[in-house]
Structures are given as C-alpha cells and as structure tokens.
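Beneath this line is the structure, given in structure tokens, with notes to follow.
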Amino acid sequence: MRRHTFEPEHEQFRDSVRHFMQAEVAPHVDRWRAAGVVDREVYLKAGAAGLLCTWADEKFGGAGIEDFRFEQIIIEENIRHGDIGFYINLHSNLVAPYIAKLGNEEQQARLMPAIVSGEKILAVAMTEPGTGSDLAGMKTRAEDRGDHWLLNGSKTYISNGILADVIVVAARTDPASKHGLGLFLVEGGMEGFERGAKLNKMGLRSQDTAELFFNDVKVPKANVLGEPTMGFRYLARFLAQERLVAAIGSMSAAQTAFDLTLDYVKERKAFGRPIGTFQNSRFVMAQMRAELDALQCYIDQSVLALNASELTPEDASVAKLLASELEGKVMDNCVQLHGGAGYMDEYRICRMYQDARISRIFAGTSEIMKEIIGRSLGLDDRKLG
Ligand SMILES: Cc1cc2nc3c(=O)[nH]c(=O)nc-3n(C[C@H](O)[C@H](O)[C@H](O)COP(=O)(O)OP(=O)(O)OC[C@H]3O[C@@H](n4cnc5c(N)ncnc54)[C@H](O)[C@@H]3O)c2cc1C
C-alpha cells in the first residue's frame, strides 16, 4: 500500500539520505562487522550532511525541524541501505533529547553543537548486571559531595559503549527512596570511569556494546541533567518516542527482508519453477505483505501523533510490541524461504535474522510492553489491596 503521510519534501529528503547511506555507510559494513565497531568518522560525515538531530535548534547547527517524519526517514534508510549497527537513531533520538530538553542553557550550549556535528557521540546507560526491566532495582549510586556528585557502580549492554564521548548515566541519589534517581552526564576521560571490552553478541555485529564501570567518579554539578531526584519522571517523558523509534526500526528491517525475499523467490528455482510460485510460498508472502501494510499504517499514524504531541506511552508500546514481534516472524519466514542460503552469513537475510532477535528485548521487552498496555486497561495488579 502506498504510504500517505509523506509530502514531496520528505521524498526528496529520503533520496538524499539514501544516497548518503549507500555512499558513506554500506561500503564499510563488512569491515565494521569484523571490527565490532563503526568508524567515528561516519558520525562526522552524517553531521556534515545534516543527518544528526534534524530537530535541534539552528543555533546549535540543527535544522530546527520538529517533524519526526524526517527522523523516521533517516532510521528507515539507514536500516535498508546503511547499517543497523550505525546507531544514528540512538544518538539523535534516544539520547540527544535528554540533553536538549532537560539540559540547562549552559549544558545545551556546551554540548549540543558537537552532538549535532558528530564530534561527540552519545550513549545512555540504565541497565546493570543485576537489573534491566526493573529499573527501580538499580544499584549504581551518586552521592552529593558539595561541589560534585560521587558516582559508583557499573552498567552493562551499553550501545555505543566504546565510542561514546558523553553518556547519560542513571544513578540512585536517594537511599531512602526506590524512585530517587538522577541523570548524570559522564564524559570520556573522567577519572574513575572505565569501559570494559566490547561484548560478543548474537547479532548487531558492528555495534559496540560494552560494560561501563564507575569508581569514585567525580561528576561536576554542571553535569547533572535537571533535578537529581526526578530521573524516573524524566525517563517516562521520553518513553513514547523511544518506543516509536524502536518500532520504526523493526518495520524497516521487516520490510527490507520481505523485499529481498520477494526477489529471491522469483529467481530461485526448484522442480522447474520459481519457488515463489509454490502455493505455500505465495501464501506466506501474501500474509506477510498484509501484516506489514497494516502495521505500517499504525506506525506512520503514530509518527503524526508524536508530531502533534498526542502519542501516549501505551500507543507507542503497542507499536513497539507489534512491530518487533512482526519483525521476528518475518525474518523467520524469510530465512525459511531462502532455504540453506538463508543460514549462510554471506546472505543478508542471515544477518538480518540475527540482528532482529534483540528487538523484542531491548528498549523494553515484549512482556514489559504487554504490562504497560494491560495496566492502561485498568488491569493493574499493583493496585490490588
Ligand atoms: C544489544 C543490546 C543493546 C542494549 N543497549 C542498551 C543501552 O544502550 N542502554 C541500556 O541501558 N540498556 C541497553 N540494553 C539492555 C536492555 O535494555 C535490557 O537487556 C532489557 O531491558 C531487558 O533487561 P534484562 O536484560 O535485565 O532482562 P530481565 O529484566 O532480567 O528480563 C528477563 C526476562 O524476564 C521478563 N520479565 C521481566 N520482568 C517481567 C515482568 N514484570 N513481567 C513479565 N516478564 C518479565 C523479561 O520480559 C524477559 O523475558 C541493551 C541490550 C542489548 C542486548
């Protein structure tokens, strides 16, 4: 189905983003996968091309366009023609908003220009060895020491963990309250801040995921985002956008897998005819096409709702849940339709299958999405006597 939410200016922008991804990202994917990390320079190139934080204020080098369709296009084109391991959406849409929307004027002026240009790469660190879904179980703590906060603890599975120059770190600030949480800007080179080795993963091979350690790190007061006890409220503020970003990525990956599989089943022959012409293949492709089209409408409408500040966390959780589950199903079907070739690393579908598995886990697991949606229906067991 033709998508109806884009204007001609979006389509022009899509062409230029596609060109960037094909020229500056795609040629490096094999090398990045072998290295387990992308080149820093790709962020600088994306910044120079105006592809980082399109929404950022012009005084910081952004385009000042508060239309999430442009960011949607960047995410989609990066996944289709670039590299899912180039985590441009983490930088632009999951971390930079914390600094741009919660940071004070001094923090914004100090950091945003280098974030928009790609000189400073971003990460966000919530998850710990002992807790992920249940953030209230976080152990990393920060103590107020007058002119600074003293940070101690560790984080794990942190995307951009090796490359990041600035990391938004969540830490407990009030021992008396489960929900007293602060967000701290930890910068590369701060004494006591160390990075572990790159973690070896099932997929996302070019994405540097790492453990981070904080041993008596003195975080200046100037590096606290907002109020140091309001972290939970701040996290909730950005959840809808974060989940929609994940959903957009899942849909783009699923649609890309579908398209390359359609080409494959038209080409590949068995029993004297293209495998796509077997009734089973045709039905599997038809079912996927139907589900992809229907869900894409929901995602596109969610982007418009986000633009209108009307996207609720529950709506975004629906998008994330359904898109990541559909992505998993589509990848599995597409590998099956490729036969043995689908199990070979040289075929893109093999890599996509591995990359897709994380979508149902990170940015909130499918089970947590169901909890959020279920509770919004008035089915909250926490409210039972
Ligand atoms: C490649 C990768 C990149 C990541 N990037 C980042 C990052 O940049 N920053 C960051 O902070 N984190 C990151 N994460 C961490 C990710 O967000 C967590 O792994 C995820 O939130 C799940 O937490 P967990 O691993 O502790 O699983 P757990 O919370 O231990 O969950 C294990 C299982 O229990 C289920 N479960 C938990 N609670 C409930 C419940 N209440 N009801 C029903 N089922 C439940 C879960 O759904 C899951 O199936 C990343 C992880 C990976 C693998």
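A few remarks follow.
- Acute angle (nearest 10 degrees) that the helix 8-20 long axis makes with the longest principal axis of the chain, alpha-carbon atoms: 90
- Accessible surface of the range 176-306, 1.4 Å probe, proportion on carbon and sulfur as whole %: 54
- Fully extended contour minus Cα-Cα distance, from ASP15 to GLN279, at 0.36 nm per residue: 91.4 nm
- Highest-first packing order for the peptide set 273-282, 212-221 is 212-221, 273-282, based on the mean count of other beta carbon atoms within 10 Å.
- Residues ASP144 and TYR343, FRET efficiency given R0 of 41 Å [Cβ-Cβ distance, rounded to 0.05]: 0.15
- The range 27-74: C-alpha gyration tensor shape, a/c 1.5 cut-off, then a/b vs b/c: prolate
- Label-point separation, THR229 to LEU379 (7 Å along Cα→Cβ), nm: 3.6
- Helix axis angle, 231-267 relative to the chain longest principal axis, alpha carbon, degrees: 20
- Label-to-label distance for LEU262 and MET1 is 1.5 nm, based on points extended 7 Å past Cα in the beta-carbon direction.
- Note on the chain: Cα-only Rg and Dmax are 21.3, 78 Å.
- Centre separation in Å (Cα based) which lies between the range 8-43 and the range 138-197: 31
- Accessible area of CYS334 (1.4 Å probe, protein heavy atoms only, ligands and nucleic acids ignored): about 0 Å².
- Charges were assigned to the Cβ only: +1 to each Lys and Arg, -1 to each Asp and Glu. The resulting dipole of the chain about its Cα centre is roughly 1020 debye.
- Multiplying the residue separation of LYS329 and LYS201 by 0.36 nm and removing their Cα-Cα distance gives an extension gain of 44.0 nm.
- Förster radius 56 Å - calculated FRET efficiency between GLU105 and GLN336 (Cβ-Cβ, nearest 0.05): 0.55
- Rolling a 1.4 Å probe over the protein heavy atoms gives the chain an accessible area of 46 Å² per residue.
- Virtual spin-label span in nm between GLU119 and GLU194, 7 Å along Cα→Cβ: 3.0
The values are calculated or read from the model by the stated rules, or taken from the named source; none is laboratory data. Note that the coordinates shown come from a computational prediction; the quantities given were computed from them, not determined experimentally. Here Cβ is always computed from backbone atoms with ideal geometry, including for glycine, and neighbour counts include all displayed protein chains. Areas reflect the complete protein model, heavy atoms only, side chains present, ligands, DNA and RNA absent. Shrake-Rupley method; radii C 1.70, N 1.55, O 1.52, S 1.80 Å.
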